[in-house]
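**Q** Dropping a structure here in structure tokens format, bear with me for questions.
The values are calculated or read from the model by the stated rules, or taken from the named source; none is laboratory data. All figures in this text were calculated on a predicted structure; none of them were measured in a lab. Don't worry about glycine lacking a Cβ; one is built from the backbone with ideal geometry, like all the others, and counts go over all protein chains shown.
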Amino acid sequence: MARPDKAAAVAQLKDDFSNSAAVVLTEYRGLTVKHMKDLRRSLGEDASYAVAKNTLALIAAKEAGVEGLDEQLSGPTALAFIKGDVAQVAKGLRDFAKANPLLVIKGGVLEGRVLDADQVKKLADLESREVLLSKMAGAMKASLSKAVGTFAAPLTQAAQLFGALETKAQEDSSAIGGAGTPATADDQKTDDADSVTASATAEDSAGSPAPEAADAAETTTDAAADAASNE
């Protein structure tokens with residue numbers, strides 16, 4: 001391969017490593033062209049599957065910041081660059097390898113971390129993105145419903161309380177406020193003091209003559225005294 005072609009290949013592989021959610025490295029020794037087409041078709045639009053020279057793939061991986069692929073990049077290697085659902089693609093590769101043992105999963109890369117073959121196969125056991133999103137949406141809906149119920153409960157209880165009080169008031173007008181409120185000890189003391197004051201005032205009014213009557217009596221006494229002295 002000419003130097004410009006190698007540079008272009010490295011640049012493309014570096015871009016694939018940098019922009020992929022995950023990468024799965026496989027050995028394809030013995031697979032026919034038809035097998036390779038079937039595998040690419042099974043992966044769909046979630047991943048691209050391409051054969052690459054190990055030396056160029058290793059350079060591209062290091063330029064993309066991925067270290068530790070030296071052992072996996074040996075022998076005939078084809079890489080699945082996953083741009084979509086990682087679990088879905090890993091499951092497709094695992095199922096294809098079961099049906100076609102010549103396809104061997106060697107390892108992979110997930111978010112810059114190098115995975116061995118077993119770890120890649122475990123990705124296939126994860127739930128798909130659609131399932132996870134569905135569960136997340138269900139959890140969020142349940143949380144919102146619970147929050148609404150929590151806020152509505154005090155309002156409902158208050159409404160029930162006011163309704164009960166209104167019914168009680170219609171049956172007995174003294175049940176809330178007004179005449180139905182029991183007097184406190186201080187109120188009773190105030191009422192007693194007012195009663196004593198009122199009684200004292202009444203007695204004073206009854207025992208003391210009116211000012212006009214007192215003046216008339218005094219005038220009569222003076223007149224009698226004058227008459228006696230004249231005699």
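Each row is one residue, and each column tells you yes or no for (1) of a type in the set (Asp, Glu); (2) under 12 Å from Gly108 (Cα atoms).
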site	(1), (2)
Asp5	yes, no
Thr26	no, yes
Gly30	no, no
Lys34	no, no
Leu58	no, no
Lys62	no, no
Ala87	no, no
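**Q** With respect to Thr55, determine if the residue is in contact (Cβ under 8 Å) with a residue 40 or more places away in the chain and polar (S, T, N, Q).
**A** Against the criterion (in contact (Cβ under 8 Å) with a residue 40 or more places away in the chain and polar (S, T, N, Q)), Thr55 does not qualify.
**Q** Being within 30 Å of Ala7 (Cα to Cα) and either at pLDDT 95 or above or among the hydroxyl-bearing types (Ser, Thr, Tyr) (or both) narrows it down to one residue among Leu93, Leu79; which is it?
**A** Leu79
**Q** For the stretch 98-114, does any single residue satisfy the condition of being free of Cβ contacts under 8 Å to residues at least 12 places away in the same chain and within 41 Å of the chain's Cα centre (by Cα)?
**A** There is at least one residue in the stretch 98-114 that is free of Cβ contacts under 8 Å to residues at least 12 places away in the same chain and within 41 Å of the chain's Cα centre (by Cα).
**Q** Condition first: at positive phi, in a helix (DSSP H, G or I) and either outside the structural domain of Ala97 (by TED's automatic domain parsing) or in contact with a helix residue (DSSP H, G or I) (Cβ under 9 Å, 6 or more places away or on another chain) (or both). Can you find one or more residues in the stretch 45-59 that meet it?
**A** No, because not a single residue in the stretch 45-59 is at positive phi, in a helix (DSSP H, G or I) and either outside the structural domain of Ala97 (by TED's automatic domain parsing) or in contact with a helix residue (DSSP H, G or I) (Cβ under 9 Å, 6 or more places away or on another chain) (or both).
**Q** Right, another one. Any idea which of (1) small (Gly, Ala, Ser); (2) modelled with pLDDT under 95; (3) surrounded by 21 or more Cβ atoms within 10 Å (Cβ to Cβ) is the one Ala57 doesn't satisfy?
**A** For Ala57, the exception is condition (2).
**Q** Tell me which of these Leu13 doesn't satisfy, since it passes every other one: (1) crowded, with 21+ Cβ neighbours inside 10 Å; (2) modelled with pLDDT under 95.
**A** Leu13 satisfies every listed condition except (2).
**Q** Could I ask something else about it? Among the listed residues Ala99, Ala139, identify the single one that is more than 30 Å from Ala11 (Cα to Cα) and modelled with pLDDT of 90 or more.
**A** Ala99
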